[in-house]
Number of protein chains: 2
Amino acid sequence: MTTNAQAIEQWGIFEISLNGPSEGNPYLDVELSARFQCGDRTVEPDGFYDGDGIYRVRLMPDVQGEWRYTTRSNRAELDGHTGSFTCVAPSAGNHGPVRVHNTFHFAYADGTPHISVGTTCYAWIHQTEELQEQTLETLKTAPFNKMRMCVFPKHYPYNRNEPPHHPFLEGADGGRDFSRPNPEAFRHLERRVLDLQRLGIEADIIIFHPYDCWGYATMTPDENRRYLRYLLARLSPFRNVWWSMANEYDFMLKTIPLELWDELFQTVVERDPYHLRSIHQAHLDYDYTKPWVTHASVQKWDVRRSREWRQQYQKPVVNDEPEYEGNIPHTWGNISAQELVNRFWITFADGAYAGHGETYLHPEDILWWSKGGVLHGESAPRIAFLRRIIEDAPPGGLTPMDGLWIWSRISGSSNGGYRLIYFGPHQPKTWIDALPDSGRYTVDLIDTWEMTITPLGTFEGKQMIDLPGKPYMALRIQIDG
Amino acid sequence: MTTNAQAIEQWGIFEISLNGPSEGNPYLDVELSARFQCGDRTVEPDGFYDGDGIYRVRLMPDVQGEWRYTTRSNRAELDGHTGSFTCVAPSAGNHGPVRVHNTFHFAYADGTPHISVGTTCYAWIHQTEELQEQTLETLKTAPFNKMRMCVFPKHYPYNRNEPPHHPFLEGADGGRDFSRPNPEAFRHLERRVLDLQRLGIEADIIIFHPYDCWGYATMTPDENRRYLRYLLARLSPFRNVWWSMANEYDFMLKTIPLELWDELFQTVVERDPYHLRSIHQAHLDYDYTKPWVTHASVQKWDVRRSREWRQQYQKPVVNDEPEYEGNIPHTWGNISAQELVNRFWITFADGAYAGHGETYLHPEDILWWSKGGVLHGESAPRIAFLRRIIEDAPPGGLTPMDGLWIWSRISGSSNGGYRLIYFGPHQPKTWIDALPDSGRYTVDLIDTWEMTITPLGTFEGKQMIDLPGKPYMALRIQIDG
């Protein structure tokens, strides 16, 4: 079969659909891939069985031009199919996948800066359709452009419900059969990833996690390997995917020892040439300097160490869990909105990135951090305000200022003639440190909680400037010319 | 000359006064000491020249009974004087000097617990008499029982005034003559130490400091050695003295290298058998495990590490500068009252001690942290409230609870059936961790900012208890029986 040439936008999805064997176990028995070429560029993604005798191979074409392909399979009916398509310019709003930019920062593939401001609804796709739609509705006006979310359902405090779609089918013993993925569940996942894409939100897909009562967290190494390749075959072509190998991987070391994590990471590198890759810890830091890791996705309450982690890893630092705004009895989920906003500002003003979560007790256990729904807290609008300020900074990202000992106590970073200083619980009534030594510059006072920006005027040369003597203020400085 | 037997209370001051040579330089040329004996106890303090031909040797008798002494000197008129006195029971309110108790805590020599709650008025004795009297008036109702204060005057931002009494006399060149101490200045210091003693306040005497324009910070090693022995001869007999070898010793390493600090420390050990000894750093931690150090006197903003320092030093940790409440442009002196109170609670609820300072801009540069005067801030009453709560805990001091990972994020310590948990910016609406596993216990809710204690009732066995979901709360738990 030869598919007729189609036009596919750059970073869109081209899909080959083939009919093949449905007997036996296609997941275990059928090998399928396609070799795609466009000029010097060659990519060979895996295909996958999507049920009902249908096999698919997907590609996210990342260069414009004529692409040709040939399928390969251990089954004659799937082998040797060829075809071509034309990859054309991306449509408006399609900037391609997010990549590391300027060592410590992110940009879309077309060069557009990406200021990562994440949130977390781990199991939102495993709730009722109604609740999922409400989550999407909330996200429309929320400040978040990344969502941490799990492929597998979640079993944990406040999470005792069965998912509507299990990623693996029920086996003869009533448990999960890890040799039979459920195409419907994965199609559902894909739909939700596309929903996020339409909202400009990156899907930070958590491949493994320990919160489990169904067996997902205790699959065998080979089951893990097969599942990973299946997931990559299906999801890699979605441009808004980030890969998070795990949440709290160190709670799973009995079933996935460090060597296997490293191997699985390398599988992602081999099978997905496009997307960001990290892993999220509980207590045992993963070594983010390993070459297959693109950025550090950490869980750290002590955000004043953000500079240290940047220095240590020489990669973007995304603190996906600087504790959550909320009031549950778990210490990771009960800081005040003011404290979370403070931690966000410290993190961003030291040239790193933070993620949000919300864990307020709810009569029906609908906590945003896991199930989505609506936001109840006070941090989100302040995070929106912060995001606008960081997005208004010059492109290329902020670099921590150094040379002054104060940077162990307050936050400050710069980009060219732009400087951002954040005081946190400090409340100076006058200030001079880190102001420009000479030349003209303008200063804005930012009240991070009240969300106000007050121009303080234009100054010439280093001089003491007056401030209100209140905590949670920041200064934005722009040197003229 | 034989002095007639007098009655001196335990930990009071016995003083031998002798007439001797006033020609030449008694400070350099005359050696004087006295050997005191009471039963098996022998102490041989240095004497000192107090001007006008008068020499003194002082002793703080620390055991009750008959003490006898003989003076020794390289001058015949001062040598071989003998005498005796009776050391009797201490008067009311005299508990003796403060000592280390129970590894990490303090108690007076008579066993009375001492909960160290310090403040800082570095140069208060170098201000006008009127201002000094105002400082003492403020201290009468303030919550502090330790005062960090310098022997030498201070030259620093907000500190540009000459002291009324220079510890060393003016030399021929108009500078200080470090071979001629000024007895009047030291008598003044002693008077102020006694004033503090009457208020129940320990004088944490800072022997050296770098904030100087007179030469005190750049004396030669021999000048430093002589000055130290002179100071010890005069001040050691005051029971409310603590020795702080320096403030920010690491800013003086050019003139006092580490070996000399160590030597000077050992001089204190040899010449003063009574008092606590530490040293205060800026950026370079002193090794507080050295045997001549009795406790760690640190400057640390990141108070959540208090447990770590306890563990590291195995001595009491006194964080004398967890930054100051204020609004000056210096980052060490502009945190909010709420943040300082938060840092105090974290420190005390993790079994360590903290010191206060206040640095609000003042039209006449009278900042409490240096000159004293009156308090302008909001932390002092909250620190008073905290002190009462810690003093109400069982004697012996609090030990950090362990065995739960939450202790890296919130604070908690215990003593027998007593437990204190402090949540800081955490605001749980319900709570169960670290509550007793079984038995009956009562719980009080403490609002550390509003200074209220609300009984939550009596509970039986580990169970979830309801809290208000507000930050800066603490729980006090007392297990029955």
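The values are calculated or read from the model by the stated rules, or taken from the named source; none is laboratory data. Here the structure is a predicted model, which is why all the values come from computation and not from measurement. Don't worry about glycine lacking a Cβ; one is built from the backbone with ideal geometry, like all the others, and counts go over all protein chains shown.
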Quiz item: Does region A:432-441 contain any residue that is polar (S, T, N, Q) and at pLDDT 95 or above?
Solution: no
Practice problem: Return yes when A:VAL341 is in the same structural domain as A:LEU139 (by TED's automatic domain parsing) and either surrounded by fewer than 21 Cβ atoms within 10 Å (Cβ to Cβ) or closer than 27 Å to A:LYS290 by Cβ (or both) and no when it is not. | Solution: no
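In region A:333-439, which helices (runs of 4 or more DSSP H) lie fully inside it and hold 1 or more residues that are aliphatic (A, V, I, L, M), within 13 Å of another protein chain (Cβ to nearest Cβ) and touching a residue at least 24 places away in the same chain (Cβ under 8 Å)?
Numbers: elements: A:337-349, A:368-371, A:379-392.
Counting at least 1 such residues, we get A:337-349.
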Exercise. Could you please give the count of residues in region B:306-326 that are within 20 Å of B:ILE383 (Cα to Cα) and assigned to a loop (DSSP other than H, G, I, E, B)?
Key: 6
Quiz prompt | Where A:THR442 falls short, out of the listed (1) within 24 Å of A:LEU386 (Cβ to Cβ); (2) within 14 Å of chain B (Cβ to nearest Cβ) | solution = (2)
Quiz item: Is it the case that A:GLY355 is closer than 20 Å to B:ARG409 by Cβ and modelled with pLDDT of 95 or more?
Solution: yes
Quiz prompt | Single condition A:GLY457 does not satisfy, out of (1) surrounded by fewer than 16 Cβ atoms within 10 Å (Cβ to Cβ); (2) within 9 Å of chain B (Cβ to nearest Cβ); (3) not β-branched (Val, Ile, Thr) | solution = (2)
Exercise. Would you mind telling me which numbered condition in (1) free of Cβ contacts under 8 Å to residues at least 24 places away in the same chain; (2) of a type outside the set (Ser, Thr, Tyr); (3) not in a loop (DSSP other than H, G, I, E, B) B:PRO329 fails?
Key: (3)
Quiz prompt | Residues being touching a residue at least 40 places away in the same chain (Cβ under 8 Å), at the interface with chain A (Cβ under 9 Å from one of its Cβ atoms) and under 21 Å from the mean Cα position of the chain (by Cα) - total across region B:300-324 | solution = 1
Practice problem: Return the total of residues in region A:256-297 being of a type in the set (A, V, I, L, M, F, W, C) and within 14 Å of chain B (Cβ to nearest Cβ). | Solution: 2
Quiz item: Taking region A:394-437 as the region of interest, how many residues are over 20 Å from A:ASP480 (Cα atoms), crowded, with 20+ Cβ neighbours inside 10 Å and among the small types (Gly, Ala, Ser)?
Solution: 2
Quiz item: If you go through region B:462-472 one residue at a time, do you hit one that is in a strand (DSSP E or B) and away from every other protein chain (no Cβ under 11 Å)?
Solution: no
Practice problem: Tell me which residues, restricted to region B:93-136, are over 28 Å from B:THR399 (Cα atoms), in contact with a Phe, Trp or Tyr (Cβ under 8 Å, 6 or more places away or on another chain) and of a type in the set (A, V, I, L, M, F, W, C). | Solution: B:CYS121, B:LEU131
Quiz prompt | Members of region B:82-115 found to be hydroxyl-bearing (Ser, Thr, Tyr) and out of contact with any His (no Cβ under 9 Å at 6 or more places or on another chain), listed by number | solution = B:THR82, B:SER84, B:THR86, B:SER91, B:THR103
Exercise. Give the number of residues within region A:200-241 that are under 16 Å from the mean Cα position of the chain (by Cα), farther than 25 Å from A:SER17 by Cα and either in a loop (DSSP other than H, G, I, E, B) or aromatic (Phe, Trp, Tyr) (or both).
Key: 4
Self-check item: Among residues of region A:267-305, those that are more than 17 Å from B:SER408 (Cβ to Cβ) and not in a loop (DSSP other than H, G, I, E, B), counted
Solution: 10
